[in-house]
There are 2 protein chains.
Amino acid sequence: MSPRLFLPTLLIALIPCAQSADSAAPAPYRSAGDIIEAAPPTAWRLPDPARLLYMELPQGRVVIELAPQFAPEHVANIIKLAQQHFWDGTSIYRAQDNFVVQFGDADADDPGKAKSLGDAKAHLPAEFHRPAAGLNFAALPDSDGWAPQVGFVDGFPAARDPKTGTVWPVHCYGTVGAARGNDADSSTGAELYVAIGQSPRQLDDNLTVVGKVLVGMELLATIRRGPAPSGIYENPAERTPIRSVRLASDVPKEQRTRLIVLRTDTDTFRDATAARRHRIDDFYKRSSGHIDICNVPVAVEVAE
Amino acid sequence: MSPRLFLPTLLIALIPCAQSADSAAPAPYRSAGDIIEAAPPTAWRLPDPARLLYMELPQGRVVIELAPQFAPEHVANIIKLAQQHFWDGTSIYRAQDNFVVQFGDADADDPGKAKSLGDAKAHLPAEFHRPAAGLNFAALPDSDGWAPQVGFVDGFPAARDPKTGTVWPVHCYGTVGAARGNDADSSTGAELYVAIGQSPRQLDDNLTVVGKVLVGMELLATIRRGPAPSGIYENPAERTPIRSVRLASDVPKEQRTRLIVLRTDTDTFRDATAARRHRIDDFYKRSSGHIDICNVPVAVEVAE
């Protein structure tokens, strides 16, 4: 076999179905890819275009799904900002390796130069967590060091504390959150960060998570890093310009990204995750029997 | 405070020392940065230049520390390959988002075009794990979903199973491993990968880890991704050329990268990790009381 292709999804050989049709025979192992490939149409969802942001960069489009179920006030503000074209002409002004990129108004801290938030609110409550009631929390059986329970809510990785009855989104690769100062309620949604490395779980329940990137992480993750420690560029010319940020529903239909997302409350998702937890194929010699919440991909398919 | 600077290391205010010198007063919180800043010289080590690789890319130098304590056969082969200038003129031919970049001979699979390994061995045993005996394993108190215990061995993140008495390196951001085919013993060290996203812990004890990147991850992590699913470039022009890979000890002293690495078996490292586990500062509103092995940085300081 190819010594350079160690990626199991490429190397998986279907286990030969030597078993008879005897109903006592165990079902052959199916990889996560096989399971998702065979998913019924009902296992997929079409994200609501009124909850999707398109960020247009010179490199291409980044699609962010907003999470009003976790941060209704921030999401309402973000939608208002997008509809006012707040981010047009702003930039990604920070890229810290193995942590985050951050975008918005690079002059937000300078009262003389900061862009007006227009009709958006200048002050919002912190939305770090919320009551579990009313959420469809699909728990993983896997232990987690950071929280009592982890799972998915409508495609978003999340944690739950049965004692307090609260749920909060967890920070994984692609999580979008609202930058703030020291005060818990100092974020407005105008300045946003995206996790680009190892999941920064220490931020969980400490910042307001507003959504996650569905498409285009490879554009954000490859942005040239700024200087240590914070990754904020010293020279404005190094920033990545943002052409525009629009709500998908405000973009003509023919210009929208056509995508579907695997539902995280389905048998398909549960079975695909189980297949990743217990890998049985020609490549893996040992299966961990475990998967971390931030190692569970939520499949997104983009039409050509 | 600045809404755009949410990085705690920038925002930490020293807790005012209102306490008297009374010995009963609790010690004021010191951040990981404060603790490392105050570390005695003995808390630092100079890596052995005979165990460091310099990979020269158009973007700059990547410094890799080899781990002969985990993979003696692979490391010996890699040193031989470097001394034969095997990688000069090869490339980074794969970049899969949120997974790995992979480098070496892009034609390794083509018997007609593959580069000769010269005096290096064409076959090595798998070196996935080893006996715990003889290793200085500094265990973390934190739980881990993937392994019974985790900690550090000579700066390398690792796992230990007390039942089997074995230790294996774990895959974190920056871990360097030997690509292989389906056979456990099909790696030679000529084709190497580096983890560039969320820690791919499912690879633990399934591949031979040969070292970790000490300097230059921001160069590898920003390499333009290849096409899904594997990230292998279709067009050779998209590959990142490798000018050379050399053992630091084979490079003139004045051209070496001068760096020091925090020892992971020191009070400084233990205290800095504890300060990250239990964050008490003006930024964090809630401390998790936990840290994941792959969220624990091992400080590297590079002289100008």
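Any read-out appearing in this document is the output of simple, stated calculations on the displayed coordinates, not a laboratory observation. Since the structure is predicted, the reported quantities are computational estimates derived from the model, not experimental observations. As a convention, Cβ positions derive from the backbone with ideal geometry for all residues, glycine included, and neighbour counts pool all protein chains shown.
For chain A, what is the per residue volume of the convex hull drawn over the alpha-carbon atoms, in cubic angstrom? Write down the numbers at each step before the final one.
Values: hull volume 52.3 nm³, N = 304.
It is 172 Å³ per residue.
How far apart, in nanometres, would the label points at B:T164 and A:D282 be if each is projected 7 angstrom from Cα along the Cα-to-Cβ direction?
2.4
May I ask you to derive the FRET efficiency for A:D185 and A:L46 from their Cβ-Cβ distance with R0 = 35 Å, giving the value to the nearest 0.05?
Using R0 = 35 Å, I get an efficiency of 0.55.
State to the nearest 20 debye the size of the charge dipole of chain B about its Cα centre, where the only charges are +1 on K and R beta carbons and -1 on D and E beta carbons. Working shown, then result.
Details: 31 positive and 37 negative charges, 65 e Å.
The calculation lands at about 320 debye.
For chain B, what relative contact order do you get, as a whole percent, if you take Cα pairs closer than 8 Å and at least 6 residues apart?
Once divided by the residue count of chain B, the mean separation gives 28 percent.
From other protein chains only, count the Cβ atoms within 10 Å of every residue's Cβ in A:93-102, then give the mean.
4
Using alpha carbons only, how many degrees (0 to 90, rounded to 10) separate the axis of helix A:72-83 from the longest principal axis of chain A?
70
Using a Gaussian network for chain B with springs between C-alpha atoms less than 10 Å apart, which of these wobbles most: B:R94, B:R160, B:R224?
Its mean-square fluctuation being the largest, the pick is B:R224.
Can you give the angle from 0 to 90° between the axis of helix A:267-277 and the longest principal axis of chain A, with both taken from C-alpha atoms, to the nearest 10?
Computed tilt is about 80 degrees.
By per-residue mean of other Cβ atoms within 10 Å, what is the highest-first order of A:135-142, A:293-300, B:197-204?
Highest-to-lowest ranking by the protection proxy: B:197-204, A:293-300, A:135-142.
May I ask which residue of chain A has the beta-carbon nearest to the axis carrying chain A onto chain B, and at what distance in whole Å?
A:T222, 2
Give the long-range amide H neighbours of A:T166: residues separated by 5 or more places, or on another chain, with amide H under 5 Å away, using H modelled in the peptide plane at 1.01 Å from N.
Amide H to amide H, under 5 Å and 5 or more residues apart or across chains, A:T166 pairs with A:A132, A:D161.
Per residue of B:220-230, count partner chain C-beta atoms within 10 Å of its C-beta, then hand back the mean as an integer.
4
Just from its helices, what would the mean residue ellipticity at 222 nm be for chain B, if runs of 4 or more DSSP H residues each count -39500 (n - 2.57) and the sum is divided by every residue, rounded to the nearest 500 deg cm²/dmol?
Working: 5 runs with 38 residues, N = 304.
Taken over chain B, the calculation gives -3500 deg cm²/dmol.
Distances from A:A139 to the same position in the other copies: list them in nm, one decimal, shortest first, using label points 7 Å from Cα along Cα→Cβ.
Listed shortest first, these distances are 2.8 nm.
Assuming 0.36 nm per residue, please report the length gained on full extension of the stretch B:K253 to B:K80 beyond their Cα-Cα distance.
60.3 nm
Among B:G89, B:G112, B:G289, whose mean-square fluctuation peaks in a Gaussian network model of chain B (Cα, cutoff 10 Å)?
Per the Cα network of chain B with a 10 Å cutoff, B:G112 tops the list.
At A:A38, with labels set 7 Å past Cα in the Cβ direction, how many nm apart are the copies from this one, shortest first?
The answer, with the shortest distance listed first, is 6.1 nm.
Filter A:K285/B:K113; A:K163/B:K285; B:K80/B:K253; A:K80/A:K115; A:K80/A:K113 down to the pairs with a C-alpha to C-alpha distance above 23 Å, please.
Where the Cα-Cα span goes over 23 Å, the pairs concerned are A:K285/B:K113.
Starting from a label point 7 Å past Cα on the Cβ side, list the distances from B:A228 to the same position in the other copies, nm, shortest first.
3.4
Peptide B:195-207: average number of partner chain Cβ atoms within 10 Å per residue? Display every interim value, and only then the final one.
Working: counts 1, 5, 11, 11, 6, 1, 5, 12, 5, 2, 4, 9, 4.
Other-chain Cβ atoms within 10 Å of each residue's Cβ, averaged: 6.
Counting other C-beta atoms within 10 Å, which of A:S288, B:S249, A:S187 has the fewest, and how do the rest follow?
So the residues, fewest neighbours to most, are B:S249, A:S288, A:S187.
Taking the square root of 5 times each eigenvalue of the Cα gyration tensor, what semi-axes in Å does the equivalent ellipsoid of the protein assembly as shown have, largest first?
Numbers: eigenvalues 265, 192, 131 Å².
Ellipsoid half-lengths, sorted descending, are 36, 31, 26 Å.
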